[in-house]
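Step one of this worksheet: look at the structure below.
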Amino acid sequence: MGFSFACQANCSHTQARAGVFHTPHGIVETPRFMPVGTLATVKGVIPQQLEAANSQMILANTYHLHLQPGEDIVREAGGLHRFMAWNKPILTDSGGFQVFSLSEMRKVSEEGVIFKSPRDGSTINITPERSIQIQNALGADVIMAFDECPPADATKEQVQAATDRSYRWLKRCVAQHQNTARQALFGIVQGGIHLDLRQKAVEQLAELDLPGYAIGGVSVGEDPQLINATVRHTAPLLPANKPRYLMGVGTYREMAQAIASGIDLFDCVIPTRLGRHGAALIRGKRTNIKNATYKRDYRPLDETCSCYACQNFSRAYLNHMLRSQEMVGYIMLSLHNITELIRFTQEIREAIFKGTFATDFAHWLNDEADN
């Protein structure tokens, strides 16, 4: 099976849509939240638990896997799917965001980026071609173009320069990419909060007729209302017959608003990061389970949740685990949080089919809702 995307239902009051993205390792029903497995593992959660959480696609990180263990080892092991025992779709990001976060350790040129490895100080040169070569070796279903991600405080001139360079790099990625039957290369729309730059970027990328498109650079420190305005303007411009992916976003409000703008896919480290800090997502509210108020709370985290934590443990037990710094507490919260974000996007998908998305999720579609 190759790659295709089909829209199955549309919302009559918004740009929201429900669809299905076909990949060689299975389907992804959209809209969908994708857990992040940076180092070929979703922190603290094993593949069997991810499947139970209804995960259909997960992410891994090109930059981190290049540093450790190295793409050659992953390829020799049979590729990412076999290496991490995950037989469903995988997406690898290009490493661009991580490289550009090393502001004091890297040098950018038209050729690519040279930086010092934070592991051993060795010099590493990542070009668009090298990023694609690494991702080809890793073997994910969806691979991302190498792009330049400007910071939120960049001037418009700096953002324009980065956006133009990202387009030139994208064309080099397309030329380098050989395994088109097994790996779909997505382009990334940059442009910061400047809508004219976003529109120009979309027009340029759409001409390349890629298998899918992502909106990048909207989770790098901007005000949430600016993020919403940027996505609301950009998403409907992207080709309707291709999947649309909003990178690095995973709060309830941001996802609901982005879905209303026509976005299909999301990823974020929020569920496992919150879990490692003792916080649970309970129907939209971040709750610190380490608080003393839960020491004698014998209810599950969420009586409506089907995850292993909610079906087996009380808040009191999880509070005890967290206060004792036992790993099972952090693992259970991470598993619950992943399940909850996937369930949230599943419920939106169902509401789109029923024609009730705009009313059922009205609370999350305004700018005042809690995350």
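Testing residue 141 on (1) modelled with pLDDT of 95 or more; (2) surrounded by fewer than 16 Cβ atoms within 10 Å (Cβ to Cβ); (3) on the phi < 0 side of the Ramachandran plot; (4) among the acidic types (Asp, Glu), one condition comes back false. Which one is that? Looking at each condition in turn, residue 141 falls short on (2).
Within segment 315-350, the set of residues being more than 20 Å from residue 34 (Cβ to Cβ) and hydrophobic (A, V, I, L, M, F, W, C) comprises 316, 318, 321, 322, 327, 328, 332. Among the residues of segment 294-314, is there at least one that is in contact (Cβ under 8 Å) with a residue 12 or more places away in the chain, among the polar types (S, T, N, Q), buried (at least 24 other Cβ atoms within 10 Å of the Cβ) and under 24 Å from residue 266 (Cβ atoms)? No, because not a single residue in segment 294-314 is in contact (Cβ under 8 Å) with a residue 12 or more places away in the chain, among the polar types (S, T, N, Q), buried (at least 24 other Cβ atoms within 10 Å of the Cβ) and under 24 Å from residue 266 (Cβ atoms).
Tally the residues that are small (Gly, Ala, Ser) and assigned to a helix (DSSP H, G or I), restricting the search to segment 147-167. So the count comes out to 3. Of all residues in segment 207-222, those satisfying the criterion of being closer than 17 Å to residue 246 by Cβ and either of a type in the set (Gly, Ala, Ser) or over 20 Å from the mean Cα position of the chain (by Cα) (or both) are 212, 214, 216, 217, 219, 221.
Within segment 121-165, being without any contact (Cβ under 8 Å) to a residue 12 or more places away in the chain and within 18 Å of residue 175 (Cβ to Cβ) holds for one residue alone: 164.
Considering 259, 263, the condition of being surrounded by 24 or more Cβ atoms within 10 Å (Cβ to Cβ), in a loop (DSSP other than H, G, I, E, B), at pLDDT 95 or above and not hydroxyl-bearing (Ser, Thr, Tyr) is satisfied by 263 alone.
Yes/no matrix, rows are residues, columns are (1) of a type in the set (D, E, K, R); (2) without any contact (Cβ under 8 Å) to a residue 24 or more places away in the chain; (3) part of a helix (DSSP H, G or I); (4) surrounded by fewer than 23 Cβ atoms within 10 Å (Cβ to Cβ):
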site: 38; (1), (2), (3), (4): no, no, no, yes
site: 50; (1), (2), (3), (4): no, no, yes, yes
site: 54; (1), (2), (3), (4): no, no, no, yes
site: 65; (1), (2), (3), (4): no, no, yes, no
site: 69; (1), (2), (3), (4): no, yes, no, yes
site: 72; (1), (2), (3), (4): yes, no, yes, yes
site: 81; (1), (2), (3), (4): no, no, yes, yes
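Being farther than 18 Å from residue 35 by Cβ and under 21 Å from the mean Cα position of the chain (by Cα) holds for only one residue in 299, 276, 283, and it is 283. Select from segment 211-231 the residues that are modelled with pLDDT under 85 and of a type in the set (Ser, Thr, Tyr) and list them in ascending order. Answer for segment 211-231, where residues must be modelled with pLDDT under 85 and of a type in the set (Ser, Thr, Tyr): just 219. For segment 231-251, filtering for residues that are buried (at least 23 other Cβ atoms within 10 Å of the Cβ) and in a helix (DSSP H, G or I) leaves 3.
The values are calculated or read from the model by the stated rules, or taken from the named source; none is laboratory data. All figures in this text were calculated on a predicted structure; none of them were measured in a lab. Every residue, glycine as well, gets a Cβ built from its backbone with ideal geometry; the counts of neighbours run over all protein chains shown.
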